[in-house]
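**Q** Before I ask anything, let me first share the structure, which is written out below as structure tokens.
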């Protein structure tokens, strides 16, 4: 029996005003993610992936179409959604634990009794013992772990991730892919993950959605049937290669 739909975009279009005229970033995009599912959006640079994710997060209002969270149309950011951006965006004067607690402060909550929860989240992402560290004392991968903890602090049902590992070196990125899979398997969150890495998308996703070049449209859906938990060596299997080749063909057919 299929799980209920957690997040749905229906015929979403976004047109921006620019000096040269109107620019259609995404055009009539529809997608749905089910509870507990890991879905990746993959496409060429500039195709509107980030725009689509920000619309899903309620940070951008679509020109037309609508977003539904648990079947209810949204206006603005739904409280049940967490967001991880391309950069960690940590406040340099705050410790790791205080950066994790920041969203709750914005919500006007008394965070004193919630510090143990922030400490547990830092432990979950492999940062036990770094609670009092400042961003400048952490590597890029460690900073992004803090950002993931911050997105989880209010226990969202859906986690949106916008190329969170794109700025990391290859080895750190592999490590973060494994860590994210572990966290996802433990927390059972619904994840919508944007990337321009074919291997990353196939490694992480239950389904990969392929976007066209701008104006962005979803042109293909690729189910990934690899068993969980996945290991880095799974990237050398025939099944992985076939899924990656399918995705690569969809993208490069457009060039």
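**Q** Tilt of helix 238-252 relative to the longest C-alpha principal axis of the chain, in degrees (0 to 90, nearest 10)?
**A** 70
**Q** Another one. With contacts defined as alpha carbon pairs under 8 Å and 6 or more residues apart, what's the relative contact order of the chain in percent? Walk me through the numbers before you get to the answer.
**A** On the way: 498 pairs, mean separation 64.6, N = 255.
That works out to 25 percent.
**Q** Measure nothing but the geometry: give the 0 to 90° angle between the long axis through the Cα atoms of 140-152 and the longest principal axis through the Cα atoms of the chain, rounded to 10°.
**A** 90
**Q** Please work out, to two decimal places, the log10 of the ratio I(q)/I(0) at q = 0.14 Å⁻¹ from a Debye calculation in which every Cα of region 7-63 carries one identical scatterer.
**A** -0.39
**Q** While we're here: Using the beta-carbon distance between residue 123 and residue 241 and R0 = 41 Å, what value does 1/(1 + (r/R0)^6) give for FRET efficiency, to the nearest 0.05? Don't skip to the answer; put the middle values down first.
**A** Values: r = 36 Å, r/R0 = 0.88.
Calculated value: 0.70.
**Q** Order these peptides, 162-173, 36-47, by their mean beta-carbon neighbour count within 10 angstrom, highest first.
**A** Values: 162-173: 16.7, 36-47: 21.2.
Ranked from most to least packed, the peptides come out as 36-47, 162-173.
**Q** Could you pull the Rg and Dmax for region 150-202, using just the Cα atoms, both in Å?
**A** 11.2, 31
**Q** Per DSSP H run of n ≥ 4, the term is -39500 (n - 2.57); total these for the chain, divide by its residue number, and report the mean residue ellipticity at 222 nm rounded to 500 deg cm²/dmol.
**A** Numbers: 7 runs with 83 residues, N = 255.
Estimated from H runs of four or more residues: -10000 deg cm²/dmol.
**Q** Order 245-251, 202-208 from most to least packed using the mean count of other Cβ atoms within 10 Å. Please report the intermediate quantities before stating the final value.
**A** Details: 245-251: 16.9, 202-208: 22.7.
For the peptides 245-251, 202-208, the packing ranking is 202-208, 245-251.
**Q** Can you work out D for region 113-255 in µm² s⁻¹ from Stokes-Einstein, where Rh is the Kirkwood radius over C-alpha pairs, the temperature is 4 °C and the viscosity is 1.567 mPa s?
**A** In µm²/s, the coefficient is 78.
**Q** Could the peptides 107-115, 134-142 be put in order, highest first, of the mean number of other beta-carbon atoms found within 10 Å of their residues? Let's see the in-between values first.
**A** Values: 107-115: 11.1, 134-142: 15.4.
By packing density, highest mean first, the sequence is 134-142, 107-115.
**Q** Sticking with this one: Taking the Cα atoms only, what angle lies between the long axis of helix 170-187 and the longest principal axis of the chain, rounded to 10 degrees?
**A** Approximately 80 degrees, to the nearest ten.
**Q** I've got another one for you. Pull up the DSSP beta bridges for the chain and report the antiparallel fraction as a percent, rounded to 5. All intermediate terms of the calculation are to be shown ahead of the outcome.
**A** Values: 22 of 41 bridges.
Percent antiparallel among DSSP bridges in the chain is about 55.
**Q** Please report the spacing between the Cα centers of region 198-243 and region 1-46 in Å, no decimals.
**A** About 17 Å separates the Cα centre of region 198-243 from the one of region 1-46.
Bear in mind that the values in this text are calculations on the coordinates, not laboratory data. Just so we're clear, the structure is a prediction, and the values are computed from it rather than from any experiment. Cβ: placed from backbone, ideal geometry, glycine included. Neighbour counts: every protein chain shown.
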